[in-house]
Amino acid sequence: MAVAQSLRLHVVPIRYSGSKPVLPEDDPVDTYAASAGYDAFDDATTNEPRFPEDERTDDPTTDLGILGGEIAEAVAEGLEAGRATLVVGGNCAVVPGVVGGIQRAYGPAARIGLVWLDAHGDFNTPRTTLSGMLGGMPVAVAAGLAWPNWRERSGQTAPLPTDRIVMVDVRNLDEPEEQLVRATDVVIAAPAPGFPGEDLGKAIDDLAAKCDVLYLHIDSDILDQSLVPNHGTKEPDGPDMAQVLAAVDTIMATGKVAVFAVVSVWAGGERGDVTLRSGTELVRGGLEAWRRHGSTALGGAG
């Protein structure tokens, strides 16, 4: 068994919601940099993606792909340098770009696994969506089920096989979305004992055994709504912080996480301070687990 190496950190800050710039008061990125524990890593690097405004179009999926390409480049830079790559800010629309960056660094044939911690599946397509929200579709896009222009412009050349996706929690799935998820090889795991879903430890062990590298993605709305009170898609009856961080530790213990993302934390609005504290704790706790367990998936992917 390979020995997990000590980690060097590469941070990819996202100051966009979808492809539109976030308001400064909503942006958590600078708070994370000041208080989420980056200074525990020696020589941390940063590459902040910027949307090329002269390329903006009237098509939102094309624009998501354009920004996704910038995200892919920033993620690949960290991985090619053998650095643990942290994506913070933004929302779940970053997914195709992050997967694109992993493919750019490791090659399109790399066996990439996605561990998805969210109150929602974001597995809708234009045929299943009840709301039409593109923010409810990025996992389906990454799996090759919708909007190929978004996926391909994001640098993701190969769709993500559904048997390499583990969804944790997803306690609120639209009925057509749930039917689609159940028709695939996606595994739904429980975030903690007592919650619905397969045993998390087994699901993660099975995923890690068939993957070269894992991408751990957290939408802060996996937490109970009391911990993210200003979140636009907050949900009741969710796990608490200790339960989510215990799940994160289980995933990091595989030693195969190369990219860790914490998204959909909005600092502004009523009780935004509560949500910001939760986001900071997710980032800090995840980084501590990552340092504790290391990652054999890193070491210079280029």
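The values are calculated or read from the model by the stated rules, or taken from the named source; none is laboratory data. Everything numeric in this text was worked out from a predicted model, so none of it was measured. Note that each Cβ is placed from the backbone with ideal geometry, even for glycine, and that neighbours are counted across all protein chains shown. Accessible surface is based on the protein model in full, side chains and every heavy atom, while ligands, DNA and RNA are left aside. Shrake-Rupley method; radii C 1.70, N 1.55, O 1.52, S 1.80 Å.
When ASP224 is tested against the conditions (1) in contact (Cβ under 8 Å) with a residue 40 or more places away in the chain; (2) open to solvent by less than 40 Å² (accessible area, probe 1.4 Å), the lone failure is (1). Cβ-Cβ contacts under 6 Å between residues 6 or more apart (or on different chains), taken from a first residue in segment 69-82 that is outside any helix (DSSP H, G or I) to a second residue that is surrounded by fewer than 23 Cβ atoms within 10 Å (Cβ to Cβ), are listed as GLY82/GLY299; GLY82/GLY300. If SER264 passes every condition in (1) among the small types (Gly, Ala, Ser); (2) open to solvent by 10 Å² or more (accessible area, probe 1.4 Å); (3) more than 23 Å from ASP42 (Cα to Cα) but one, which one does it miss? SER264 satisfies every listed condition except (2).
Conditions (1) touching a residue at least 60 places away in the same chain (Cβ under 8 Å); (2) open to solvent by 90 Å² or more (accessible area, probe 1.4 Å); (3) in contact with a helix residue (DSSP H, G or I) (Cβ under 6 Å, 6 or more places away or on another chain); (4) part of a loop (DSSP other than H, G, I, E, B), marked per residue:
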{"position": "GLU25", "(1), (2), (3), (4)": "yes, yes, no, no"}
{"position": "ALA33", "(1), (2), (3), (4)": "no, no, no, no"}
{"position": "ASP39", "(1), (2), (3), (4)": "no, yes, no, no"}
{"position": "ASP42", "(1), (2), (3), (4)": "no, yes, no, yes"}
{"position": "ARG50", "(1), (2), (3), (4)": "no, yes, no, yes"}
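Considering VAL141, VAL168, the condition of being touching a helix residue (DSSP H, G or I) at 6+ places or on another chain (Cβ under 9 Å), open to solvent by less than 10 Å² (accessible area, probe 1.4 Å), within 13 Å of PRO96 (Cα to Cα) and of a type in the set (A, V, I, L, M) is satisfied by VAL141 alone. When segment 63-92 is filtered for residues that are within 13 Å of ARG153 (Cα to Cα), surrounded by 24 or more Cβ atoms within 10 Å (Cβ to Cβ) and touching a strand residue (DSSP E or B) at 6+ places or on another chain (Cβ under 9 Å), the ones remaining, listed by number, are LEU67, ILE71. Name the residue that is nearest to VAL262 (Cα to Cα), counting only residues in segment 24-45 that are at pLDDT below 95 and touching a Leu at 6+ places or on another chain (Cβ under 6 Å). Applying the filter and picking the extreme gives GLY37.
For PRO13, the conditions (1) open to solvent by less than 60 Å² (accessible area, probe 1.4 Å); (2) in contact with an Asp or Glu (Cβ under 7 Å, 6 or more places away or on another chain); (3) part of a loop (DSSP other than H, G, I, E, B) are fulfilled apart from (3).
Is at least one residue of segment 97-110 in contact with a Gly (Cβ under 8 Å, 6 or more places away or on another chain), outside any loop (DSSP other than H, G, I, E, B) and under 25 Å from GLY132 (Cα atoms)? If you could, list the steps in order and put the result at the bottom.
Applying the first criterion (in contact with a Gly (Cβ under 8 Å, 6 or more places away or on another chain)) to segment 97-110 yields 97, 100-101, 103-105.
Remaining after also requiring outside any loop (DSSP other than H, G, I, E, B): 97, 100-101, 103-105.
In the following step, the residues that additionally are under 25 Å from GLY132 (Cα atoms) were identified as 97, 100.
Yes; the residues of segment 97-110 include at least one that is in contact with a Gly (Cβ under 8 Å, 6 or more places away or on another chain), outside any loop (DSSP other than H, G, I, E, B) and under 25 Å from GLY132 (Cα atoms).
In the set (1) surrounded by fewer than 20 Cβ atoms within 10 Å (Cβ to Cβ); (2) over 14 Å from MET167 (Cα atoms); (3) in contact with a helix residue (DSSP H, G or I) (Cβ under 9 Å, 6 or more places away or on another chain), the condition left unmet by GLY201 is number (2).
Taken over segment 104-123, the criterion of being open to solvent by 10 Å² or more (accessible area, probe 1.4 Å) and either among the polar types (S, T, N, Q) or touching a His at 6+ places or on another chain (Cβ under 8 Å) (or both) is satisfied by no residue.
Comparison of GLY238, GLY232 shows that the only residue that is part of a loop (DSSP other than H, G, I, E, B), at pLDDT below 95 and open to solvent by 10 Å² or more (accessible area, probe 1.4 Å) is GLY232.
Given ARG127, ARG171, ARG151, which one is basic (Lys, Arg), in contact (Cβ under 8 Å) with a residue 60 or more places away in the chain and outside any helix (DSSP H, G or I)? One residue alone meets the criteria, ARG171.
For segment 286-296, check the following and say yes or no: at least one residue is under 20 Å from ALA44 (Cα atoms), in a loop (DSSP other than H, G, I, E, B) and open to solvent by 60 Å² or more (accessible area, probe 1.4 Å). Break it down stepwise before answering.
So the first thing to find is which residues in segment 286-296 are under 20 Å from ALA44 (Cα atoms), and the list is 286-296.
Now narrow it down to the ones that are in a loop (DSSP other than H, G, I, E, B): 294, 296.
From the residues that got through so far, the ones that are open to solvent by 60 Å² or more (accessible area, probe 1.4 Å) too are 296.
Yes: segment 286-296 contains one or more residues that are under 20 Å from ALA44 (Cα atoms), in a loop (DSSP other than H, G, I, E, B) and open to solvent by 60 Å² or more (accessible area, probe 1.4 Å).
Here THR157 meets each of (1) in contact with a Pro (Cβ under 6 Å, 6 or more places away or on another chain); (2) open to solvent by less than 40 Å² (accessible area, probe 1.4 Å); (3) closer than 28 Å to ILE66 by Cα with one exception, condition (2).
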